[in-house]
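Let me begin by presenting the structure, written as structure tokens, before commenting on it.
Values in this text are rule-based calculations from the coordinates and carry no lab data. Values in this document were obtained by computation on a predicted structure and should not be read as measured data. Every residue, glycine among them, receives a Cβ derived from its backbone with ideal geometry; neighbour counts consider all protein chains shown.
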């Protein structure tokens, strides 16, 4: 008896081919995630700058009506901030306002969730700023050894959002 051994042909992918496909998909996913994070950070920065620009406009309107910038932000109506964009500084705050009564200057310093800081001053110019808190904020308008008044901080991790921060 002769048995004939048949040849079988298998169609399909080898393990090496499958591994290559998995690696290519992983690389594409990593590129997509990195790109998304960069775009997301740019969008957050643009939204914060928009909040600061609107704040600056409200300050100019207040000054034109009252003759000076407010000392206490709770007296200013219509301030709106995108709350989800802001992080906390080392003292638990995220928005810090300080005014120098002698020079009629103000600064609002905003801390983003990613750790970057932006400020707006009475000139209306928005710029990045190094991390600072407390005395450092008021020193931006020439007031040394002065902390922003508690009522002028947008958020405190122990008390929540200030009444002047709208949504």
Mind giving me the nanometre distance, one decimal, between the label points for residue 25 and residue 163, set 7 Å out from Cα along Cα→Cβ?
5.7
Taking 0.36 nm per intervening residue step and subtracting the Cα-Cα distance, what contour gain separates residue 114 from residue 49 on full extension?
22.0 nm
At R0 = 25 Å, how high is the FRET efficiency between residue 77 and residue 42 if r is their beta carbon distance? Nearest 0.05 is fine.
0.20
From the helices alone, meaning DSSP H stretches of at least four residues, give me the mean residue ellipticity at 222 nm for the chain, per-run term -39500 (n - 2.57), in deg cm²/dmol to the nearest 500.
-12500 deg cm²/dmol
Can you tell me the order of 60-72, 21-33 when each peptide is scored by its average per-residue count of other Cβ atoms within 10 angstrom, highest first?
60-72, 21-33
Report for the chain the percent antiparallel among DSSP-assigned beta bridges with both residues inside it, nearest 5.
95
Give me the percent relative contact order of the chain, please, defined on Cα pairs under 8 angstrom at least 6 residues apart.
20
Between residue 125 and residue 33, 0.36 nm times their residue separation minus their Cα-Cα distance comes to what?
29.8 nm
